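Engineer: I'd like to ask you about the structure that follows.
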Amino acid sequence: MTRKSGQWTRRQFNQALAVAAAWTLLDRRSLATTRPPLAGFAFVAAGGESPLDQRGSIQVFQVAGSRWNTVQALSVAAPAHLELHPHLPLLYAVHAVGLWNSLPRGAVSAYDIHPATGHLTLRVTQPLSLAAIYPRHAALSPDVRHLLVAAEDGGIYNLLPLAPDGSPGPPTAIRKEHGLGEAGDVKTARPRHVVFHPSGTTAFTADVGQESISTFTCERDSIRLEERTCSHAGAGPSQLIHSSSGSCVYALHAGDGSIAVHRLEGLQIAAASQILSSRRPDTARMALHPTGRFLITAGGGNLTTLAIDPRSGSLTAISSMSQQQHPAGIAFTPDGNHLISIQDDSGEISQAPFHAAAGIFDAPQIVARVEAACSVLFRSA
Amino acid sequence: MISTVDKQDPRYPVMRRGKNARFPHADSDAVSRIEVCESVADVTEVLQHTVSAGLRPTVRSGGHCYEDFVVNNPNGVLIDVSLLDHTTAAAGGKSGYQIGPGAVLGVVYTELYRKYNVTVPGGTCYSVAAGGHLSGGGYGLLTRLHGLSVDWITGFDILTVEANGKVIRRHVDRQHEPDLFRALRGSGGGNYGVITNFYFDRLPTAPQTLSTAGVSFPWETMTEEKFVHIVQTYGTYFEGRGQEPDTWPMFTFMGLTHKGPNGRIYISASWHDLDGKNDLSVPNEFLDLFLKCGDASAVDEALLTSHQIPTGRPPEPSPCIAGKHRYTTGPWLDATVGGNGGAGANGTTRGKYKSCYMKKNFTPDELHRIYAQLTRDIPGMNPGGIIAVDSYGGAVNKAHLADETAMPQRASIMKLQYQMYWQNPAEDEARLKYFDELYTDIYSANVDASHAGTPFHNEYYEGCYINYPDADMIRYPFWPELYYGQKGLYPFLQKVKKKYDPNNIFHHGMAIRT
C-alpha cells in the first residue's frame, strides 16, 4: 500500500487556523438565530467500555435547545454501542459482555422507544453465537433486514435477521476470523467496526487485530469474504465511514490516529489514496455530517473539521477547535446543526452548534454528565 | 477420501446428530455439513478449509458427548473422524501402540487383546470412541487396578491452528510441547485441536476372566433406614477395605434407581482374574456385607455397569447365601465386549447426566436427601433414571499423577454418575428440572453455602468429571474448579489454550475459556 500523503501539513493546519480565526470575525448571532432549536431525545450508553462487571445503563434525555432532562436511566448490561432503526421507534444496544446466561457470548437487545416520552422498553434480547464475546459494534443493513454484529474479543461476526417489526432473531450466519503470525508472535482478530455500503448486502469491517479492512457479502446464512485490504503496519483500523455517495470509505486507525481515504472501485476497496496522520495518535472518533460534506474527527486534543472533496472524496482540514478531554463518542443530530460529544474521562456530554456553511463549530456547551458514557445517539422529536 | 454430507444428502438427518437425541436442540443449531475423513491428510484439508472459510469446526469421534458440544454448531462444519479407527502397534518400528480417535472401545479391547494380549483401562460403554474417551480421562472396570486411560498415554498427534489460520501437525509427548501433552491428558475434547493419534509406550496385560455377581433389594419393602444401611455399607467398604491393593482387581457398581413397580437397588461386584486362580474371596467378602441389610436377593445375571439396568421385566431374584454368590464367569474379552455393551440408542433416546467424585462415605443427611428424591412422586411422569455409584480409587489415587495429567481428582473412593433417559421431547423441561432439583438438593447437604448445589471440593467431594459434562454447572462461576480442581490446573489449561489455539477456533459451552 502506498502513502499518498503524509501527516497533516503545517500548511493545512495554518489554513484551518486561519479559517477558525476568520470565523470569530463573523456575526455568529445572525446564523444562530436562523436555526430551529434542538428538540428530541438523546440516548447515551454507559459502561460498555469496562464491561467486566456487566454493569451499565442507557440514559435517555429529553432535549430542548440546550436543556437536557433525564427521563430514564435504564440498567443495561455493558451497552457498548447503540443503533437506531431508520423507520421504527426502535433502539438496538450491543452488550459488550463475555458471558450471557453463563455461556461465553455477547448479546444484542432491542428496545421500543415511546414516541412521546422517549422511554425505552426492552422488547427482546438475542444472545450471540458461542465465543462471540465482547461485541462492540453493529450495523443495520440498508434494507433493515439484518444486523451485523462485530464481536471484538471473540474475533467473530454474527448476522442476525430482523423481523418486519425490527426484532432480531438468533444469528443465522457466523464468521470466525483468525489473526496474524505464528508461534509466539501473534495477533488475534479483533473486529471493531462494521458499516454497510448503501447498495445493499456489502459490508466493510475494520479489524484492529488483523490490521485490515474486510469486504463481506452478507446474506441470510453466510458472511462471505470478498476482499481484505491491509492497512499500513501499526494502523489498527477501528472505525469506518463511507461517503454519502458510497464512493469512498474513510478509515480511522486506533494504532496511530491516522485517517485513510479509500476509493471504492465498484464495491472493491482500493489502497488508500490519502492518509492523514495525526500529530497525537489518539484520534478516537469520527462522524460524517448529514450533508456528506464534512468529516469530523475528535481526539488528539482537537475537534477537527475535514472538508470532503465531492469528486475525489479526499479530505482537507478546514477548522480545528481545541478540546481538552478525550472523546468516547460523537454524533451529529439528524439535522446536522449540532454535534453531541461525550467525554471518556469526565463523563461530560457537550453540544456544539455546527455551521455547515463554513464547516465550523461554536464553542460546545456542557449539557449533561453520564459516568462511563461510551456511545450516543440522537432522535429528533 | 473425504465424504461430504450436506443438508441435501439423505444421510444428513442421521449424521448431524450424536447419540443423545436432545441435540441439536433446533434445526438452526445444526451443522451445515459433515465431513467424513478417512485419513490425517483428509482431516488436515477439511480443517484448513473450514478455518479459512471462517466457519467453526467441531469434531466427532464416536458421538457420545453428553452435552451439545459437537452437534450444536450453527451452519458450521462437523469433522467426523470415526473412520480413523486403527488400533495397531506404533508405527516406525517403535515399541508400543497407537489408537485412532475413531476406534470404539469394544474394538480397541478386541484388537489389543487379540494382537498383543494387552488392554487399556478404559470405559464401560463399548461404542464410545477413543477420541472423546481418552481426551476426558477415561475410566472403567480396570481403573482401580491400573489407573485412568490417560495415565498410560505417552503421546498424541494433533492438528492445531496457528494465529494466522494455518493448520499444523504436532506430535506431543513429554519432550515435545509438554504443556500441551499434559493438557491433552484429561481436560476434555474440543479444546485445542483435532487429535489424530493416541500413543501408548506400554499397556497392562489383559485379565484372563471376569466374574460378576450381585445382590439387589426391592423398592417394595424399602425403608429409609434400610436404604441408608445399604448405601452406607457400600461406602464404608470403599472408605476402608476397598482401598487395600488386593481389592483393586474388583470393580463394583451400585445402582440407586427411583422407586417404582419392580424397582430394585442393584449392587454388583466384578472380579478380574489375573493369574488363572480366579480367587473370588474379595468379591464374596464385599457382597456378604449386604446380606445384613435385609431382604437381599441374588441376581441371575448380575449387572456389570449402569448401562445394563433392565428396562423391561427385571431379572428373576433368588435368595442370597453368604460366600456363595451366583457368579457369571467368562473370558475377560467376552465379558467386556459382550452384550450390547452400553451401545446406546444411536440418537433415539434423550439423556441427561451429572457426576460427582466422593472422597468419603455418604453422610446421613446426604442419604436422607437421596432417599427423598428417589421416592418423590412426580405428577404425570415416571422419572426413571439412576444414580450409578462406581467403585473408585486404588491405582487412580497416585497423587503425582494429578500434576502429570489434567485429571486432578486423585483422592476419591467412589464416582457417581447420575443418568436419566427418556424418549418424548415434550418431557424435556420437566425431566431436566426434576434432575436439576434432585442434584442441587443432594449437594446442598455437605457443602458450604457459597458452593451449595454442587459437589465442590471439600472433605467429602472432589468435584465433577469432565467426560460427564453437565451444562447446568456453568451457572456457577466456579464451574471450572468443579471439573479441574483448585490447585492451578485451570489457569494452566487456559495458558495452553491461548498458546495452541490463539484464535479460539475450538470451542463449546464448557470449553477452556481464555
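Bear in mind these aren't lab numbers, they're just calculated from the coordinates by the rules spelled out. Because the structure is predicted, anything quoted here is derived from the model rather than measured. Reconstructed Cβ throughout: ideal geometry from the backbone, glycine too, with neighbour counts over all protein chains shown.
Engineer: Which of rounded, prolate or oblate describes the stretch B:209-453 when judged by the alpha-carbon gyration tensor and an a/c cut-off of 1.5?
Structural biologist: Rounded shape, in that the Cα axes give a/c under 1.5.
Engineer: Same structure again: Past 18 Å, Cα to Cα, is the threshold; run B:Lys359/B:Lys497; A:Lys187/B:Lys495; A:Lys176/B:Lys166 against it and keep the listed order. Don't skip to the answer; put the middle values down first.
Structural biologist: Details: B:Lys359/B:Lys497 30 Å; A:Lys187/B:Lys495 16 Å; A:Lys176/B:Lys166 14 Å.
Over 18 Å Cα-Cα: B:Lys359/B:Lys497.
Engineer: Oh, and also: In the stretch A:162-237, if every C-alpha pair distance is counted and binned at 5 Å from zero, what percent goes to each bin?
Structural biologist: In order of increasing distance, the bins hold 3, 14, 21, 23, 17, 10, 6, 3, 1, 0 percent.
Engineer: Sorted from fewest to most neighbouring beta carbons within 10 Å, what does the list B:Ile505, B:Ile378 look like? Each step should come with its number before you reach the end.
Structural biologist: On the way: B:Ile505 23, B:Ile378 13.
By the 10 Å Cβ count, ascending: B:Ile378, B:Ile505.
Engineer: Same structure, new question: Considering the alpha-carbon set of the protein assembly as shown alone, what are its Rg and its Dmax in angstrom?
Structural biologist: Spelled out, the Cα radius of gyration and Dmax of the protein assembly as shown are 32.4, 112 Å.
Engineer: Kirkwood hydrodynamic radius (Cα pairs, Å) of the stretch B:61-150?
Structural biologist: When all Cα pairs of the stretch B:61-150 are included, the Kirkwood radius is 13.8 Å.
Engineer: While we're looking at this one, here's another question. For n ≥ 4 DSSP H runs only, could you compute -39500 (n - 2.57) per run for chain B, divide by its residues and tell me the 222 nm figure to the nearest 500?
Structural biologist: Roughly -7000 deg cm²/dmol at 222 nm, from the helical runs in chain B.
Engineer: Averaged across the residues of A:101-113, what count of C-beta atoms belonging to other chains lies within 10 Å of each residue's C-beta?
Structural biologist: Mean partner shielding for this stretch: 2.
Engineer: Let me spell out the model: positive unit charges on the Cβ of Lys and Arg, negative unit charges on the Cβ of Asp and Glu, origin at the Cα centre of chain A. What dipole size does that give, in debye rounded to 20?
Structural biologist: 700
Engineer: Another question, if that's okay. Report, largest value first, the span of the C-alpha coordinates of the stretch A:224-268 along each principal axis, in whole Å.
Structural biologist: 28, 24, 14
Engineer: Another question, then. How shielded is B:50-57 by partner chains, expressed as the average number of their Cβ atoms within 10 Å of its Cβ atoms?
Structural biologist: So the per-residue partner count for this stretch is 5.
Engineer: Nearest 500 deg cm²/dmol is fine: what mean residue ellipticity at 222 nm does chain A get from its DSSP H runs of n ≥ 4 alone, each adding -39,500 (n - 2.57), divided by its residue count? Intermediate results must be reported in sequence, preceding the final value.
Structural biologist: On the way: 2 runs with 21 residues, N = 381.
Helices in chain A give a 222 nm mean residue ellipticity of -1500 deg cm²/dmol.
Engineer: Per q in 0.28 1/Å, what log10 I(q)/I(0) does a Debye calculation on the alpha-carbon atoms of the stretch A:324-368 return?
Structural biologist: Result of the Debye calculation: -1.00.
Engineer: Considering the stretch B:3-80, what Rg and Dmax in Å follow from its alpha-carbon atoms?
Structural biologist: 11.5, 32
Engineer: Mind ranking A:311-321, A:200-210, A:255-265 by how tightly packed they are, going by the mean number of other C-beta atoms within 10 angstrom, highest first?
Structural biologist: A:200-210, A:255-265, A:311-321
Engineer: Right, something else. Where in the stretch B:375-412 are there trypsin sites (Lys or Arg not before Pro) that are in a DSSP coil and have at most 15 other Cβ atoms within 10 angstrom of their Cβ?
Structural biologist: B:Arg376, B:Lys398
Engineer: I've got another one for you. Let me check the size of chain A from its C-alpha atoms; what are the radius of gyration and Dmax in Å?
Structural biologist: 19.8, 64
Engineer: Give me the one-decimal Kirkwood hydrodynamic radius in Å for the stretch A:211-353, with the sum taken over alpha-carbon pairs. Write down the numbers at each step before the final one.
Structural biologist: Working: mean 1/r = 0.0637 Å⁻¹.
Hydrodynamic radius (Kirkwood, Cα pairs) of the stretch A:211-353 is 15.7 Å.
Engineer: Now for a separate question. Sorted from largest to smallest, which semi-axis lengths in Å does the alpha carbon gyration tensor of chain B give for its equivalent ellipsoid, taking the root of 5 times each eigenvalue?
Structural biologist: 36, 26, 22
Engineer: Restricting to Cα pairs below 8 Å that are 6+ residues apart, what does the relative contact order work out to for the stretch A:152-249? Please round to a whole percent.
Structural biologist: RCO, the stretch A:152-249: 22 percent.
Engineer: How do the peptides B:15-23, B:129-137, A:166-174 rank, highest first, by the average count of neighbouring beta carbon atoms within 10 Å per residue?
Structural biologist: B:129-137, B:15-23, A:166-174
Engineer: While we're on this one: After finding the eigenvalues of the alpha carbon gyration tensor for the stretch B:87-206, what semi-axes result from the square roots of 5 times each, listed largest first in whole Å?
Structural biologist: Whole-Å semi-axes of the equivalent ellipsoid: 24, 15, 13.
Engineer: Residues with amide H under 5 Å of A:Ala358's amide H, sequence separation 5 or more or different chain, H placed in the peptide plane at 1.01 Å from N; which?
Structural biologist: Amide H to amide H, under 5 Å and 5 or more residues apart or across chains, A:Ala358 pairs with nothing.
Engineer: Moving on to the next point. By counting other Cβ atoms within 10 Å of each Cβ, how are A:His87, A:His81, A:His289, A:His326 ranked from fewest to most?
Structural biologist: A:His87, A:His326, A:His289, A:His81
Engineer: According to the Cα gyration tensor, what semi-axes, each the square root of 5 times an eigenvalue, does the equivalent ellipsoid of the stretch B:392-514 have, listed from largest to smallest in whole Å?
Structural biologist: After scaling each eigenvalue by five and taking roots: 26, 21, 14 Å.
Engineer: Using only Cα atoms, what is the ratio of the radius of gyration of the stretch A:72-172 to 2.2 N^0.38 Å?
Structural biologist: In units of the globular-protein estimate, the stretch A:72-172 measures up at 1.00.
Engineer: Roughly how crowded by other chains is peptide B:161-169, in terms of the mean Cβ count from those chains within 10 Å of each of its Cβ atoms?
Structural biologist: Mean inter-chain Cβ contacts per residue within 10 Å come to 4.
Engineer: Ok, one more. For B:Asp9, A:Asp165, what ranking results if the residue with the fewest other Cβ atoms within 10 Å of its Cβ goes first?
Structural biologist: In increasing order of surrounding Cβ atoms, one gets A:Asp165, B:Asp9.
Engineer: Quick one: putting +1 on the C-beta of Lys and Arg, -1 on the C-beta of Asp and Glu, what dipole do you get for the stretch B:209-453 around its Cα centre, in Debye to the nearest 20? Intermediate results must be reported in sequence, preceding the final value.
Structural biologist: Working: 21 positive and 29 negative charges, 41 e Å.
So the dipole magnitude of the stretch B:209-453 works out to roughly 200 debye.
Engineer: Could you order the peptides B:324-330, A:131-137 from most to least packed, using the average number of other C-beta atoms within 10 Å per residue?
Structural biologist: So the order, starting with the most tightly packed, is A:131-137, B:324-330.
Engineer: How big is the gap, in Å, between the Cα center of the stretch A:330-378 and the Cα center of the stretch A:135-173?
Structural biologist: 27
Engineer: Hey, if you put +1 on the Cβ of every Lys and Arg and -1 on every Asp and Glu Cβ in the protein assembly as shown, which of A:Leu128, B:Thr349, B:Thr143 ends up farthest toward the positive end of that dipole?
Structural biologist: The listed residue farthest towards the positive side: A:Leu128.
Engineer: Let me ask something else. Any idea which of A:Ala368, A:Leu38, A:Leu264 is furthest toward the positive side of the dipole for chain A, if Lys and Arg beta-carbons carry +1 and Asp and Glu beta-carbons -1?
Structural biologist: A:Leu38
Engineer: If you take the charge dipole of the stretch B:3-80 about its Cα centre, with +1 on Lys and Arg Cβ and -1 on Asp and Glu Cβ, which of B:Val71, B:Val46, B:Pro57 is farthest toward its positive end?
Structural biologist: B:Val71
Engineer: Treating only the Cβ atoms of Lys and Arg (+1) and Asp and Glu (-1) as charged, compute the dipole magnitude of the protein assembly as shown about its Cα centre; round to the nearest 20 debye.
Structural biologist: That gives the protein assembly as shown a dipole magnitude of about 2120 debye.
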